[in-house]
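In what follows, a single structure is set out as C-alpha cells and then discussed.
The values are calculated or read from the model by the stated rules, or taken from the named source; none is laboratory data. For clarity, every value in this text was computed on a predicted model and none was experimentally measured. Neighbour counts run over all protein chains shown; Cβ positions are idealised from the backbone, glycine included. Please note that ligands, DNA and RNA were not included when accessible areas were found on the heavy atoms of the full protein model with its side chains. Shrake-Rupley method; radii C 1.70, N 1.55, O 1.52, S 1.80 Å.
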Amino acid sequence: QVRLVESGGGLVQPGGSLRLSCVASGITFNMYDMSWYRQAPGKQRELVATITTSQSTPYADSVRGRFIISRDNAKSTLYLHMDDLKPEETAVYYCNAVWGIGGYWGQGTQVTVSS
C-alpha cells in the first residue's frame, strides 16, 4: 500500500518560515519525481516545486528564491522549506510522487499565513 504523509503545516505570521515534510512508503522513493502542490480555498491546485530523480528543481515563479525543495532518498522523505511566507500562500500543501504514467498524492497539510 502506497502512502504519502505530509506534516509540518500550521499557523505562521507573514514573513515567517515553515518546513514541510512528506514521508513515503510502499514505493521505491528514489525512482520517483517528487513535487509539492498547493490549493487555496476556491482555487485550483497549483504546482509549487519539483525535485526529479536527477535532482533538478524547477520552481513556480511565485516561490523561486524563497522556497527550497529537497529530498532524502535514504529516509524516503521529501521536504519543502518556505521562507518569507505571504498571506496569499495560505493553502493545503500536497505531496505528489510520479513515475512514468503513475502517480500518488498525500492527504495534505494546512498552512495558514496570518497575523
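Listing for the model above:
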{"item": "Residue-normalised accessible area of the chain, expressed per residue, 1.4 Å probe, Å²", "result": "54"}
{"item": "Linear extension gain, Asp83 paired with Trp105, 0.36 nm per residue minus alpha-carbon span", "result": "5.5 nm"}
{"item": "Protein accessible area in region 17-113, 1.4 Å probe - carbon and sulfur %", "result": "50"}
{"item": "GNM flexibility winner over the chain from Ser76, Ser25, Ser54 (Cα, springs under 10 Å)", "result": "Ser54"}
{"item": "Theoretical FRET efficiency, 1/(1+(r/R0)^6), r = Cβ-Cβ of Ser114 and Ser54, R0 35 Å, to 0.05", "result": "0.40"}
